Amino acid sequence: EDIMPLTKPLLSSLFLGLFIPMAMAVDTIPTEIIQVGTFHKGEVPNVAGRNWFALMVNDERAELKTAAPTIKTVFDGIMDDESNKASYSGKLVEMKGPAPFLIIRREGLKTGPIKQASIALADSNQLISFDNTKYTVQHQCKKRAEGEEFQQCKVYLLGNGIQQWLGDTLENGDSDFTDTISISWAGDLDRDGKLDLVMEKSRYNNADTVLLLSSIAKPGKHVHEVAKLSRQGC
């Protein structure tokens with residue numbers, strides 16, 4: 001009789017101990033982005049798995065659809081011995097139908113049309129119009145000293161009274177070694193009424209595609225990075 005009242009709380013604690021970590025694991029799927037194409041080992045997952053969304057984009061509209069990408073191991077012309085299939089390490093990302101602009105795995109995304117921003121060029125800057133608000137991706141560059149090949153620049157996103165640093169570049173339009181930062185897509189991907197971005201960062205022989213969302217932005221910031229797809233050249 002003295003044991004029974006103690007047993008139920010103990011069992012409840014044990015069950016809670018088992019179920020809480022499982023629930024947490026379900027809610028913490030890492031955000032990932034991939035694109036259709038061929039990649040080196042380590043640049044994309046070995047297997048795509050589930051819970052992907054395709055960002056379909058044209059000039060007029062953007063839409064999120066459920067996606068079922070596949071990832072196959074293929075010959076990598078840089079890393080592998082073509083005569084030895086066991087050495088193959090390249091990754092081929094494929095998806096049926098038209099190629100999406102981006103394939104995203106993130107909790108909380110919903111299918112359907114999404115509000116898209118317009119992007120225009122103005123000299124070295126980009127002008128983004130979204131929901132009656134104007135944003136500028138502005139390159140603030142130091143004056144190039146005599147004899148210097150590259151110009152050092154800081155790139156900012158300006159709008160709504162907020163200036164957020166996006167990264168640094170070394171710019172020289174005539175050189176293969178130029179660093180660049182540009183916005184390739186903008187719109188409300190997470191449906192919070194604020195601007196989200198897909199940013200391209202390129203350097204000699206490698207490039208990153210970066211997804212930045214407004215819904216988890218820190219105070220005084222427009223967006224926060226949630227995923228990055230890095231690609232290496234030769």
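What is the one condition in (1) open to solvent by less than 60 Å² (accessible area, probe 1.4 Å); (2) modelled with pLDDT of 95 or more; (3) over 13 Å from the mean Cα position of the chain (by Cα) that THR178 does not satisfy?
Of everything listed in (1) open to solvent by less than 60 Å² (accessible area, probe 1.4 Å); (2) modelled with pLDDT of 95 or more; (3) over 13 Å from the mean Cα position of the chain (by Cα), THR178 misses just condition (2).
Give the residue, chosen from ILE29, ILE78, that is under 26 Å from ALA207 (Cα atoms), at pLDDT below 95, β-branched (Val, Ile, Thr) and open to solvent by 90 Å² or more (accessible area, probe 1.4 Å).
Every option except ILE78 fails the conditions.
So that you can scan it fast, the table gives a plain yes or no per residue for (1) in contact with a strand residue (DSSP E or B) (Cβ under 7 Å, 6 or more places away or on another chain); (2) farther than 16 Å from TYR135 by Cα:
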residue: GLU148; (1), (2): no, yes
residue: LEU157; (1), (2): yes, no
residue: ASN160; (1), (2): yes, no
residue: GLN163; (1), (2): yes, no
residue: LEU166; (1), (2): yes, no
residue: LEU170; (1), (2): yes, yes
residue: PHE177; (1), (2): no, yes
residue: ILE181; (1), (2): yes, no
residue: GLY187; (1), (2): yes, no
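Can you name every residue in the stretch 82-121 that is farther than 18 Å from LEU211 by Cα and open to solvent by 80 Å² or more (accessible area, probe 1.4 Å)?
Across the stretch 82-121, the qualifying residues are GLU82, SER83, LYS85, ALA86, LYS96, PRO98, PRO113, LEU121.
From the list VAL198, VAL137, VAL210, VAL223, which one is over 30 Å from LYS41 (Cα atoms) and either open to solvent by less than 10 Å² (accessible area, probe 1.4 Å) or free of Cβ contacts under 8 Å to residues at least 40 places away in the same chain (or both)?
Sole residue among the options that is over 30 Å from LYS41 (Cα atoms) and either open to solvent by less than 10 Å² (accessible area, probe 1.4 Å) or free of Cβ contacts under 8 Å to residues at least 40 places away in the same chain (or both): VAL137.
Is it fair to say TRP165 is within 29 Å of PRO100 (Cα to Cα), of a type outside the set (A, V, I, L, M) and buried (at least 17 other Cβ atoms within 10 Å of the Cβ)?
Criteria not met by TRP165.
Report, ordered by the first and then the second residue, all pairs with beta carbons closer than 7 Å, sequence separation of six or more or different chains, a first member in the stretch 142-153 that is within 12 Å of LEU170 (Cα to Cα), and a second member that is part of a loop (DSSP other than H, G, I, E, B).
GLU149/ASN172; GLU149/SER175; PHE150/ASN172; GLN151/LYS142; GLN151/ARG144; GLN151/ASN172; GLN152/LYS142
Rundown of residues vs (1) aliphatic (A, V, I, L, M); (2) in a helix (DSSP H, G or I); (3) at pLDDT 70 or above; (4) surrounded by 10 or more Cβ atoms within 10 Å (Cβ to Cβ), yes/no style:
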{"site": "PRO9", "(1), (2), (3), (4)": "no, yes, no, no"}
{"site": "SER12", "(1), (2), (3), (4)": "no, yes, no, yes"}
{"site": "GLY17", "(1), (2), (3), (4)": "no, yes, no, no"}
{"site": "MET22", "(1), (2), (3), (4)": "yes, yes, no, no"}
{"site": "ALA25", "(1), (2), (3), (4)": "yes, yes, no, no"}
{"site": "GLU43", "(1), (2), (3), (4)": "no, no, yes, yes"}
{"site": "LEU55", "(1), (2), (3), (4)": "yes, no, yes, yes"}
{"site": "ASP59", "(1), (2), (3), (4)": "no, no, yes, no"}
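Go through the stretch 61-86 and report how many residues are in a helix (DSSP H, G or I) and of a type in the set (Phe, Trp, Tyr).
Matching residues across the stretch 61-86 total 0.
Among ILE78, ILE103, ILE114, ILE71, which is touching a residue at least 60 places away in the same chain (Cβ under 8 Å) and in contact with a Pro (Cβ under 7 Å, 6 or more places away or on another chain)?
Matching residue, one of ILE78, ILE103, ILE114, ILE71: ILE103.
Determine if the stretch 142-156 includes at least one residue that is exposed (fewer than 12 other Cβ atoms within 10 Å of the Cβ), closer than 30 Å to LYS221 by Cβ and at pLDDT below 95.
Yes, because at least one residue in the stretch 142-156 is exposed (fewer than 12 other Cβ atoms within 10 Å of the Cβ), closer than 30 Å to LYS221 by Cβ and at pLDDT below 95.
Tell me, which residue of the stretch 61-75 that is within 17 Å of ASP190 (Cα to Cα) and among the basic types (Lys, Arg) is most open to solvent (accessible area, probe 1.4 Å)?
Selected residue: ARG61.
Suppose we filter LEU195, LEU189, LEU170, LEU121 for residues that are out of contact with any Asp or Glu (no Cβ under 9 Å at 6 or more places or on another chain) and among the hydrophobic types (A, V, I, L, M, F, W, C); which single one remains?
The match here is LEU121.
The values are calculated or read from the model by the stated rules, or taken from the named source; none is laboratory data. This structure is a prediction, so every number in the text was calculated from the model and none was measured. We place every Cβ from the backbone using ideal geometry, glycine too, and count neighbours over all the protein chains shown. Ligands, DNA and RNA are stripped out before the accessible areas are found, and what is left, the full protein with its side chains, is counted by its heavy atoms. Shrake-Rupley method; radii C 1.70, N 1.55, O 1.52, S 1.80 Å.
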